[in-house]
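Asks: Quick one: this structure, given as structure tokens, is what I'll be asking you about.
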Amino acid sequence: MRSIKNHLSLILALSTLLAALQSFATFTQVVNDYEIALGDEYSIVLVAKKPLELSEIARIAPRAVALEAIDSALVLDEVKDALGDDNLAYLKNAMPHFYSLRLSSYPSALEREDIERQLLKRDSIVRVESFAKTQDKLYRLLSLIKTILAALAALMLIVTSLLIVRQMQVWRFEHGKRMSIMAIFGAPLLLRSATLCRLAIADSFISTLIIGGLFYYFSADSTVKRILSEMGLGGVRFDPLVSLPTLFGAALAISLGSVLFVILKPEEAQ
């Protein structure tokens, strides 16, 4: 019963840590996908006195990848019946040029303000419209949550590492007599700590399966997909072939590192 309790303590600590790390990785993926989608859909509207070329805009905004002229014929078609041919021709010549400027990626608020400021310095450009207030609110919220998750994952790493080290100390105490006898007969360090390593590997494997199963279910859940879709976000991707080895490697690094720390500490103290 005590052995089971000890295993559950380590599995719970490792699972908590892996859940925090995978949550941060998953949310980062969602934010990155949203940023890419914004970059693909987002454009800045330019109003200019004369025709513009992408090359001259790219000198101001290096992220600029496409500059498309917006056809003013749609606007003129709506008013052509109310105007004569002469007035229509005059209006057509007097109308400014409209362009849609696309960037390689979605800019931050500061970057966008700088782009607008630089563009408006040109005499040929009379107005710049970025249309980004709605996107900014959600993007800033997602970025804030991402930062909070990163801080939480770092804090969880510290706390769970201490708990895991404590559990390894308990296991070392339980197997201390056998390890001391092996040391007397000259057994190397790795052989003496083999039992602790096997326990750490087994619990790391179990923790990985638990968290991997939870996130796989989470990524496939229709309710989660619907909620994210309504928010304009892409789905949660969880590739077992990539994520499970990564989670297992993280769990092994923490647990085996804790084993070595506990085994080496008494020798350093002597």
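The values are calculated or read from the model by the stated rules, or taken from the named source; none is laboratory data. Everything quoted here is computed from the prediction, not taken from an experiment. Because the Cβ atoms are built from the backbone with ideal geometry, glycine has one as well, and the counts that use them run over all protein chains shown.
Asks: Taking only pairs six or more apart or across chains, which ones have beta-carbon atoms under 9 Å, a first residue in segment 39-61 that is in the same structural domain as residue 123 (by TED's automatic domain parsing) and farther than 20 Å from residue 113 by Cβ, and a second residue that is among the β-branched types (Val, Ile, Thr) and modelled with pLDDT of 80 or more?
Replies: The qualifying pairs are 49/125; 49/126; 52/125; 54/65.
Asks: Further question on the same structure: Identify, from the list 47, 30, the residue that is outside any loop (DSSP other than H, G, I, E, B) and modelled with pLDDT under 80.
Replies: Going through 47, 30 in turn, the sole match is 30.
Residue-wise test of (1) assigned to a helix (DSSP H, G or I); (2) surrounded by fewer than 14 Cβ atoms within 10 Å (Cβ to Cβ); (3) at pLDDT 75 or above.
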site: 136; (1), (2), (3): yes, no, no
site: 141; (1), (2), (3): yes, yes, yes
site: 177; (1), (2), (3): yes, yes, no
site: 186; (1), (2), (3): no, yes, no
site: 195; (1), (2), (3): yes, no, no
site: 199; (1), (2), (3): yes, no, yes
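Asks: Give segment 225-255 a look and list any residue that's aliphatic (A, V, I, L, M) and at pLDDT 85 or above, or say none.
Replies: 241, 242, 244, 247, 250, 251, 252, 253, 254
Asks: Next question. Please specify each residue of segment 26-35 satisfying the condition of being touching a residue at least 24 places away in the same chain (Cβ under 8 Å) and over 17 Å from residue 112 (Cβ atoms).
Replies: Residues satisfying the conditions are 26, 27, 28, 29, 30, 31, 33.
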